Amino acid sequence: MRLRLILMVLSLLTFLSTSIGGYLYYHNLKESALLEAEQQAEVRVEMLRINLSAKISENTRPARVLAGIPEIVRALENPRPAPLGHANQVLDHFNQNLEADVCYLMDHSGLTVASSNRDDRDSFVGHNFDFRPYFTRAMQHAPATYLALGTTSGIRGVYSSCPVYGTNRTIPLGVVVVKAPIERIEEELGLGPEDIILVTNPLGVIFISNRSEWRYQLLWDLSREEIAGIARSRQFGEGPWRWTGLKLRDDRYVLDHKGRRYLMNRTRIDNYPGWDIIHLRSLDAIAKVVSEPLIRITGPVVFTASILIGFSVFFLYQKASQEIVKRKEVQKALGDSERRYRSLYNHTPAMLHSIDSSGHLVSVSDFWLEALGYRRNEVIGRQLTDFLTESSRLYAEQSVIPDFFRTGICQDIPYQFRRANGEVIDVLLSAVAERDETGKPVRSLAVSIDVTARNRAERALQLAQEELGRYTRGLEKQVQERTREITGILRYTPDVVSIKDRDGRYTLINTRFEAILGRSNDEVRGLTDTDLFPPAVARQFRENDLKVVRERRSFQFEEPMPHPDGTIHDYLSVKFPFYGEDGEASGVCEISTDITEVKKAQNQLRRLSASIMAGQEKERAAIARELHDELGQVLTALRMDSVWMAKRLEDRDPAAARRAHDMCRLIDKNIEDVRGMAIRLRPGVLDDLGLVAALEWYTTDIERRSEIVCAFEHAAMPVINEAVATAAYRIAQEALTNTVRHARASKASVGLHAEREHLILRVRDNGRGFDPHGASASEGIGLAGMKERANLVGGRLRVWSAHGQGTDIRLEVPLMDTGRNPT
């Protein structure tokens, strides 16, 4: 009985000690799991802070580079289509290379004037964002980074802004902004399903989270005034912003509306006052790591303890076995936790490594090995500086590593790593220290971001900016040279040069014009022709200017201009429009040449030419009369004698009679040729019956003497004076002669009619045509003679011809007498 009691007491004590030990073991195991979870959460939060800070700030430097590009500055100084087009090209280039959401440019009022999304439906162009803090801070000379939901696109983004300065750097011309998408940052968080990551603003609005249902909710319960302030800021859309139900229990734990407790770790984002990264992990999930294997063990333990309560030795043995199994389970849970940490360490898309206090590598991530092209066994245990370039190695050994193990932190250190193939890459390194019990840094956790492509892009942009600067200076030099040349031309040209605006007010006159007017350019500026010239002259000038502006092309005019000596000079003025930014004619430029002496010489030449042609016509008429009267009579007498001889010799000498008949036929042909020569020299029909009859006879004669079908059409004509009739006849004669000689035509036509007090003569053929501007010497003389005849009677001759398309000659002569001739 005593033994049974002893065994029972011993079993009871064993059971109690085992239960107490199990509870203490479970409590210690749970505390260990919580401590491990806290350490892992701290590492995760620190890594997230480094990654998130780098991602959010990665466009700060490109925004500064973009703000200094000349095309961006010129687009704000001169917001015209051409400068804005160049600015849009620069924004497109940055947006593509930075893989940003959009790059855009705002003027000093906050209005977007250029954007890389200008062709999209949610284009920013024309929208005003002066309410955004990134705009107001930039206009206060402070580059800014801002997290917000787009009011136009509805897309979350990181806005990096920088002020744009002109030559006067005291006041910004505007602001350039680079917007990067938030979604890419969330995709790279890379956490497990039990982790909750929140990025909140100072009021607790959740802006970034790996849980989509948490976004745009309030982490803490806010007052109506605070919620109204969020709405007024327009930073997170239109709302509503519902409270998540979380309540803070202490600095480490929060409680949701269902009573679930979460372990909380919080850290501030660099350069974003009040913005926090918050990591939440359910205590249930942490406890499950311990409780699930423990629950799987406690059932058999209780069952075995109740059955073997009398068998204390076996019970103790079984208890020891169960303790060993529990330890293995706990070790397995800790191993799983370490593997998850290692997976996060190795699969983070950043170069991660750790060094000890002597600078030797103790761990590197897979991405680090892949980026540098090494295997793990080739780097572990070696000095980190072995993989740096010489300059970076000296910098690290002499400055960075000693400072790091003294302070425990370093940030954005520029290094150059040398890859296994010898290639050099640029990185920015940030690190935090792992400390021992005394707080001394003993190991680092470093993150390196490859910025090689970005640095190359910045260097390329700098080179492009320098090249643009050289090109701009070259253009400025050319503009200065051209300005000097134009100024010299305006000063020393003997021509009159002036520029007027659309309303006829002078804006510029040259030195010659100043001498004629007796006034300086400053005195004439703003005056009109009415202020400077007699009414008739001013009216003619204004009508010609309006014609140029109306028809939007250049014209030549002959215009009179009074000179200081009281004489009126004739000027040949070339006037052409110039255009404003809207594409409309905004004024007229005029270059006038004094042709007074030229016109006097032309008039003298015209009178001389008229005298020569009149003399020619008289000589032709005299020769024609001589041929008709003298030579014609002699030939007629010879024919009569030949006929008499033929009749007398018919019976006596038939052969001589035949010779006499041949002489008659030859004399007949000579008579006909002489008559034709006399008519062509000066047709009597022109003097006796007029121009219509003369042209009708001549076209018939052309058709008879050539293989060309020549038609003549005319209407009832008024009385035409002799000079006009002679000129028209000679022009038609010369044109048809050229057709017969050169055109190889099968048809020709002559038309004569009166139209609006003008005589119209038109000669056309379907021949091979020619180039009027490249005519041969003989053809050129013929055309010049026709034009000279037209000018002498106050008419105008137009010649149109092209190769393979025939020739069309048109004469227009003003009629002095409008009476109608019945013919």
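The values are calculated or read from the model by the stated rules, or taken from the named source; none is laboratory data. What you see is a predicted model, and the numbers here were worked out from it, not measured in a lab. Counting neighbours? That spans all protein chains shown, and the Cβs are built from the backbone with ideal geometry, glycine included. Heads up: the accessible areas ignore ligands, DNA and RNA and are worked out on the full protein's heavy atoms, side chains in. Shrake-Rupley method; radii C 1.70, N 1.55, O 1.52, S 1.80 Å.
Could you list all residues from the stretch 573-604 that are in contact with a Cys (Cβ under 8 Å, 6 or more places away or on another chain) and either assigned to a helix (DSSP H, G or I) or among the hydrophobic types (A, V, I, L, M, F, W, C) (or both)?
Across the stretch 573-604, the qualifying residues are PHE576, PHE578.
Within the stretch 579-596, take every residue that is without any contact (Cβ under 8 Å) to a residue 60 or more places away in the chain and open to solvent by 50 Å² or more (accessible area, probe 1.4 Å) and give me the one that is nearest to THR507 (Cα to Cα).
Restricting to residues being without any contact (Cβ under 8 Å) to a residue 60 or more places away in the chain and open to solvent by 50 Å² or more (accessible area, probe 1.4 Å), the top hit is TYR579.
Give me a count of the residues in the stretch 370-399 that are within 19 Å of LEU428 (Cβ to Cβ) and open to solvent by less than 50 Å² (accessible area, probe 1.4 Å).
Residues that pass the stated criteria total 10.
Quick one: how many residues across the stretch 133-162 are part of a loop (DSSP other than H, G, I, E, B) and either free of Cβ contacts under 8 Å to residues at least 60 places away in the same chain or closer than 19 Å to ARG215 by Cα (or both)?
Qualifying residue count for the region: 9.
Restricting the search to the stretch 262-275, which residues are open to solvent by 70 Å² or more (accessible area, probe 1.4 Å) and either closer than 20 Å to ASP195 by Cβ or not in a loop (DSSP other than H, G, I, E, B) (or both)?
ARG266, ARG268
Quick test for you: out of ARG648, ARG680, ARG639, ARG665, pick the one residue that is within 30 Å of ASN721 (Cβ to Cβ) and either modelled with pLDDT under 80 or among the basic types (Lys, Arg) (or both).
Only one candidate qualifies: ARG680.
State which residue pairs qualify: first residue within 20 Å of ALA350 (Cβ to Cβ) and inside the stretch 451-477, second residue part of a helix (DSSP H, G or I) in any location, beta carbons under 7 Å apart, and separation of 6 or more residues or different chains.
That search, which allows pairs on different chains as well, returns ALA457/ASN97.
Of all residues in the stretch 758-777, which are modelled with pLDDT of 85 or more and open to solvent by 20 Å² or more (accessible area, probe 1.4 Å)?
HIS758, ARG762, ARG764, ASP765, ASN766, ARG768, PHE770
Among the residues of the stretch 480-497, is there at least one that is modelled with pLDDT of 85 or more and polar (S, T, N, Q)?
no
I'm told PHE712 meets every condition in (1) at pLDDT 90 or above; (2) open to solvent by 60 Å² or more (accessible area, probe 1.4 Å) except one. Can you identify the failing condition by its number?
(2)
Applying the selection to the stretch 124-176, what residues are modelled with pLDDT under 85 and in contact with a His (Cβ under 7 Å, 6 or more places away or on another chain)?
The answer is THR152, and nothing else.
From the residues in the stretch 498-536 that are of a type in the set (D, E, K, R), within 43 Å of the chain's Cα centre (by Cα) and assigned to a loop (DSSP other than H, G, I, E, B), which one is surrounded by the fewest Cβ atoms within 10 Å (Cβ to Cβ)?
ASP503
Got at least one residue in the stretch 555-572 being assigned to a helix (DSSP H, G or I), out of contact with any Gly (no Cβ under 9 Å at 6 or more places or on another chain) and not aromatic (Phe, Trp, Tyr)?
No, there is no match, as no residue in the stretch 555-572 is assigned to a helix (DSSP H, G or I), out of contact with any Gly (no Cβ under 9 Å at 6 or more places or on another chain) and not aromatic (Phe, Trp, Tyr).
Every residue in the stretch 224-261 that is exposed (fewer than 12 other Cβ atoms within 10 Å of the Cβ) and within 50 Å of the chain's Cα centre (by Cα), please.
Scanning the stretch 224-261 gives ARG224, GLU225, ALA228, ARG232, GLU238, GLY239, PRO240, ARG242.
Picking from GLN480, GLN465, GLN540, which residue would you name as being polar (S, T, N, Q) and loosely packed, with under 11 Cβ neighbours inside 10 Å?
GLN480
Can you find even one residue in the stretch 349-365 that is at pLDDT 90 or above and under 19 Å from ALA453 (Cβ atoms)?
no
Hey, can you tell me all the residues within the stretch 211-223 that are modelled with pLDDT under 80 and open to solvent by less than 50 Å² (accessible area, probe 1.4 Å)?
Answer for the stretch 211-223, where residues must be modelled with pLDDT under 80 and open to solvent by less than 50 Å² (accessible area, probe 1.4 Å): TRP214, LEU219.
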